[in-house]
Amino acid sequence: MNADSKRIYTHRTLKRALRAGRYAPGEHLDVAALADEYGVSGLPIRAALQRLLGEGLIEDHQREGMHVPLPGESELRQHYEWMQRLTMMACDMPVRPAAPAPSTPAPDSTNVAAQTWALFDSIAEAIDLKDMRAAIRLANDRLAPIRHAKLDLLPNAEAELAELYRLWQQRDLASLKAELHIYFERRKVMASRIVATLQARRAQR
């Protein structure tokens, strides 16, 4: 693998790890530790981190180095508000037909975060407008570590997600838009509790 291929591979691998909740909000991303974890030198790790920084998926805390973002209450509400606006605008756009195979997930509390990411990525993929696809995917990636870290804070999340999947698979966009409004408003109301829990967990590490 040449140097360019290694940088691309490392960036994609780290991005997938962030989506999967491998690194918790507020966690320090140490270059040496990551190089050892992924079996590469520090150069592709640094290049990948700089690219992720440019994408807004990690933060540079100056002397403390790179970290997974741990948003404050106001910032988290803004993340939810932005994702809400994007997905509800998507419901007003022409979208590609659903695949014939059913995609409604069985309720599974261990996979809610990953399934949520997949749902919003599917919505992005079905839109013809390139800039809208990119905006939804970026907002989706930014929320992914938060979703993995707050699994136990939202009761009935599995059933809630299954209903969103069902409406999306049926392309019942009017009903999906209404359910998305409820989905995001619920999270905005809980933003302070989510942030407090994430901060407490970070302090325990």
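Observations, loosely collected:
- Ala24-Ala98 FRET efficiency (beta carbon distance; Förster radius 30 Å; 0.05 resolution): 0.30
- Accessible area per residue, Å², the chain with all protein chains present, probe 1.4 Å: 52
- If R0 is taken as 22 Å, the Cβ-Cβ distance between Val189 and Met88 corresponds to a FRET efficiency of 0.80.
- Per-residue Karplus couplings for region 44-53, computed as 6.51 cos²θ - 1.76 cosθ + 1.60 with θ equal to phi - 60°, are listed in order as x, 5, 4, 5, 5, 5, 5, 5, 5, 4 Hz, Gly and Pro entered as x.
- Near the amide H of Ser41, within less than 5 Å, lie no amide hydrogens of residues on another chain or at least 5 residues away, with H placed in the peptide plane.
- Selected from Ser41, Pro97, Ala114, residue furthest toward positive end of dipole (the chain; charges at beta carbon): Ser41
- Rough spin-label spacing in nm, given labels placed 7 Å along Cα→Cβ, for Gln62 and Ile182: 4.6
- Each Lys and Arg adds +1 at its Cβ and each Asp and Glu adds -1 at its Cβ; summed about the Cα centre, region 4-70 shows a dipole of about 320 debye.
- Distance between the modelled labels on Arg201 and Asp4, one decimal in nanometres: 3.9 nm (7 Å Cα→Cβ projection).
- Restricting attention to the chain, the count of lysine pairs at 8 or more positions apart or across chains with alpha carbons under 27 Å apart stands at 8.
- Shape class of region 107-161 from the Cα gyration tensor (axes a ≥ b ≥ c, square roots of the eigenvalues): prolate, since a/c reaches 1.5 or more and a/b is larger than b/c.
The values are calculated or read from the model by the stated rules, or taken from the named source; none is laboratory data. Owing to the predicted nature of the structure, the values given are computational and were not obtained by experimental measurement. Don't worry about glycine lacking a Cβ; one is built from the backbone with ideal geometry, like all the others, and counts go over all protein chains shown. In case anyone asks, the SASA skips ligands and DNA or RNA and just uses the protein heavy atoms, side chains included. Shrake-Rupley method; radii C 1.70, N 1.55, O 1.52, S 1.80 Å.
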